[in-house]
Amino acid sequence: MAMSDVEKAARSRAALLAAQAPDLQPAVEGWLARLAHERRLSPKTQDAYARDLAVVLNLLTLHLGQRPTVADVAALAPADVRAVLAARRMEGVAPRTLVRLMAAARSFGRHLEREGLGKVGALAAVRAPKVPRSLPKPVSVCDAKALADPATRAGEDRAPWVLARDAAVIALLYGCGLRISEALGLTRSMMPEPGGGDQITVTGKGNKTRMVPLLPQVTQAVADYAALCPYVLEPDKPLFRGAKGGPLSARIVQMAVERMRGALGLPDSATPHALRHSFATHLLARGGELRAIQELLGHASLSTTQVYTAVDATRLMDAYRAAHPRA
């Protein structure tokens, strides 16, 4: 059975603590506790931070020739940080990964300063690599509908309830703009029956909740799955189940979309998360207000949502170049 996000975070936490010098372990443990209780980061984000800091500290071990102590971290010079980044660049690590590693290191450095364990100015003095900004890659309206249509997979040798389940999850991703973790985090009691409600409350990043409207087609897709599911869907337990009755893994949904995009001739960019991009892009193309789309997506900053205006503008220019006689 696939591990839950909480179990993954606990495993990363244990591995990170076990690999550190004795005097650094309490500082790392305090930092992890701050992420969980003060910043209220999700287990998945805590897991990512723990793994990234483990990479940074392992790189420092190689650079310094020993496991770094609190004093070693506090005494880091900008040249040390640059050397570590340069080593990772030579290994072919993408700039986006280096930015993530720097974010974890700086967060840990700020924690050390707050605890009076030293000032780690070297981390702030070194600029993170620039990451080229890439636009989201939504799929077309027709392709999004095809991905959410159970008939697309009618020829597969799979149980009808499995096909209905995957179709229901995909309908939530495209019809409500949910992240895959948000869709899989729903319980049975959260989802109204057809005609019984037109919105749901979802928990997104940072444990923030938001109200999301429900289309009748989405509600019906979930009801069709629930009627076919061979397991008892208890009100407070996960709505979507795996083949053995446990919580459905995100990887299973990703694999289902991979099979469908092969059948539909879609590019590799057609992923479950691309359906969330499609939700936003298609709303904007139909005259949706940016602020409303921001609230529907659960973005903390409007600038995050504004990237979809660039996607829409790019599509308009592509259509202009393809169709205008003087283009």
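The values are calculated or read from the model by the stated rules, or taken from the named source; none is laboratory data. If you're wondering where the values come from, they're calculated on a predicted model, not measured in any experiment. As a convention, Cβ positions derive from the backbone with ideal geometry for all residues, glycine included, and neighbour counts pool all protein chains shown. For the accessible areas, the whole protein counts, side chains as well, though only heavy atoms, and no ligand, DNA or RNA atoms are used. Shrake-Rupley method; radii C 1.70, N 1.55, O 1.52, S 1.80 Å.
Positive end of the dipole of the chain (Cβ unit charges, origin at the Cα centre): among Ile180, Thr69, Pro216, the Cα lying farthest that way belongs to Thr69.
Within 10 Å of each candidate Cβ there may be at most 11 other Cβ atoms; applying that plus a DSSP loop requirement, which GluC sites (Glu not before Pro) in the stretch 82-166 survive?
Sparse-neighbourhood loop GluC sites (Glu not before Pro): Glu91.
Taking all protein chains together and a 1.4 Å probe, the residues Lys244, Lys137, Lys8, Lys119 rank Lys244, Lys119, Lys137, Lys8 from largest to smallest accessible area. Counting Lys and Arg as +1 and Asp and Glu as -1, what is the net charge of the other residues whose Cβ lies under 15 Å from the Cβ of Arg188? Residues close to Arg188 contribute a combined charge of -1. What's the local net charge at Leu239, with K and R +1, D and E -1, over the other residues with C-beta under 11 Å away? Net local charge, Leu239 excluded: +2. Its Cα centre serving as origin, the chain has a Cβ charge dipole (Lys and Arg +1, Asp and Glu -1) of approximately 820 debye.
Only protein atoms count toward the accessible area here, which uses a 1.4 Å probe; on the stretch 149-241, the carbon and sulfur part of that area reaches 55 percent. Sequence-ordered 3J(HN,Hα) estimates for the stretch 76-84 from the Karplus curve with 6.51, -1.76 and 1.60 and θ = phi - 60° stand at 4, 9, x, 5, 5, 5, 5, 5, 5 Hz, glycine and proline given as x. Close amide H partners of Arg241, meaning residues 5 or more places away or on another chain with modelled amide H under 5 Å apart, are Leu248. Taking the C-alpha atoms only, the angle from helix 95-114 to the longest principal axis of the chain is near 60 degrees. Only helices enter the 222 nm calculation for the chain: every DSSP H run of n ≥ 4 contributes -39,500 (n - 2.57), and dividing by all residues gives -18000 deg cm²/dmol, rounded to 500. For the residue pairs Lys130/Lys205; Lys44/Lys237; Lys137/Lys237; Lys137/Lys244, the C-alpha atoms sit more than 30 angstrom apart in Lys137/Lys237; Lys137/Lys244.
Here's how it looks for Leu215: its modeled amide H is under 5 Å from none belonging to a residue 5 or more places away or on a different chain.
Scaled against 2.2 N^0.38 Å for its residue count N, the alpha carbon radius of gyration of the stretch 141-188 is 1.16. Probing with 1.4 Å while keeping every protein chain in the model, the per residue accessible area of the chain equals 53 Å². For Leu24, the residues whose amide H sits under 5 Å from its own are Val70, ignoring neighbours fewer than 5 places away on the same chain, with H placed 1.01 Å from N. Placing pseudo-labels 7 Å out from each Cα toward the beta carbon at Asn58 and Ser269 gives an inter-label distance of 3.2 nm.
Suppose R0 equals 22 Å. What FRET efficiency, 1/(1 + (r/R0)^6) with r the Cβ-Cβ distance, do Leu215 and Glu258 give to the nearest 0.05? Given R0 = 22 Å and the Cβ-Cβ separation, E is 0.30. This model, with +1 at the C-beta of Lys and Arg and -1 at the C-beta of Asp and Glu, gives the stretch 51-132 a dipole about its Cα centre of some 340 debye.
The calculated pair-distance distribution of the chain uses every alpha carbon pair, bins of 20 angstrom beginning at 0, and gives 26, 50, 23, 1 percent. Phi angles of the stretch 36-44 translate, via the Karplus equation with coefficients 6.51, -1.76, 1.60 and θ = phi - 60°, into HN-Hα couplings of 7, 9, 8, 7, 6, 6, 5, x, 5 Hz per residue; Gly and Pro are given as x. Based on alpha-carbon atoms, the Kirkwood radius and the radius of gyration of the stretch 89-205 give Rg/Rh equal to 1.17.
Modelled spin-label separation between Ala124 and Arg89, with each label point placed 7 Å from Cα along the Cα-to-Cβ direction: 2.4 nm. Summing +1 for each Lys or Arg and -1 for each Asp or Glu among the other residues whose beta-carbon sits under 13 angstrom from that of Pro160 gives -1. Of the three principal axes defined by the Cα atoms of the stretch 19-86, the extents in descending order read 33, 26, 19 Å.
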